[in-house]
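Structure first, commentary second.
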Amino acid sequence: MDLTVDGKGVFAGTGGRPLEKDRPLVVLLHGAGMDHTVWVLQARFLSHHGFSVLAIDTPGHGRSKGSPLATIEAMADWVAAAIVASGFERAALVGHSMGAAVALTAAARAPEKVERIALLGASLTMHVHPGLLASARDGTTLAPDLMTSWGLGRSAQIGGHPTPGLWLTEAARRLIQKGVGPGLAADLQACTDWKGGEEAASKVRCQALVFAGAEDRMVPAKATKEMAAAIAGAGIVTIPGSGHMMMLEAPDATVDALHGFLSGKG
């Protein structure tokens, strides 16, 4: 689906169904250097089980036009504008990693537009090592190699994915490699510059659920628990055997928990 936000073209996957105004809207927000394709399985399931879905490419990513946004706050304001551009007044936001920071910040800055939030691989701070930033800027293979190695749990790195024939390690590496350069560098810089996690969490008044990967090495259990504790009334769910990229590593467990939460059943 094509939208126009702030005068620029934006692409979003809808899970194979058109948006329907009588269904609640769910906006899926990707992580640093990625695009809407990380949500393909969740988008399809949710769109066929009661929701309108936008798995959105943020500016300068995937098929969306424009330059990558420089701050998490700018991304949050852009998401609020994208909800309006889609013809809806409110939406549930589901964000992964950087997208979780964006969803959290949007809920704090535009509470009238955010119904509930689900945060996957979320932390109140997102400092990025200077070497990783330099690799992203220079276009070397170190950034996608490190992000793939750190971002996937052990089982995902050796096979065993529910999709026959899918080598998740290489699929994730190639996706991140596409974003190496201005897009990934801008995202990682925005993450490391973000200092508003605790303040944003304290302002959230909608329902929230924090997802933790049991084998997440990028956002360890301590950080996930701190995020959940900082949001009033937030729940927390742990995805067994999964690393940071849980929507890819454990798509069924992730979508089951998401559907329950978004439907008000969990």
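For the reader, a short list of remarks on this structure follows.
- Of all DSSP beta bridges confined to the chain, the antiparallel ones make up roughly 20%.
- A helix-only calculation puts the chain at -12500 deg cm²/dmol for mean residue ellipticity at 222 nm, using -39500 (n - 2.57) for each DSSP H run of at least four residues, averaged over all residues.
- For the chain, a crude dipole built from +1 on the beta carbon of Lys and Arg and -1 on the beta carbon of Asp and Glu, taken about the Cα centre, is about 180 debye to the nearest 20.
- The slack in the chain from L142 to A70, taken as 0.36 nm per residue of separation less the alpha-carbon distance, amounts to 23.7 nm.
- Working note: Debye formula, equal point scatterers on the alpha-carbon atoms of segment 1-111, no solvent; log10 I(q)/I(0) at q = 0.12, 0.13 Å⁻¹ is -0.33, -0.39.
- Placed amide H near I236: partners under 5 Å, 5+ positions off or other chain: V210
- From phi via Karplus (6.51, -1.76, 1.60), per-residue ³J(HN,Hα) for segment 52-67 in Hz, x at Gly/Pro: 8, 10, 10, 8, 9, 8, 6, x, x, 10, x, 9, 8, 7, x, 9
- Taking 25 Å as the limit for the C-alpha separation, the pairs K65/K203; K203/K225; K195/K225; K21/K195; K8/K178 exceed it in the case of K65/K203; K21/K195.
- Alpha-carbon centroids, segment 83-116 and segment 240-266: separation in whole Å: 18 Å
- Under Karplus coefficients 6.51, -1.76 and 1.60, residue-wise ³J(HN,Hα) of segment 168-173 in Hz, glycine/proline x: 5, 4, 6, 4, 5, 4
- Pairs of Cα atoms farther than 34 Å apart, the chain, %: 8 percent
Since every read-out is calculated from the coordinates, none of them should be taken as a lab result. None of the values given here were measured: they were computed from a predicted structure. Don't worry about glycine lacking a Cβ; one is built from the backbone with ideal geometry, like all the others, and counts go over all protein chains shown.
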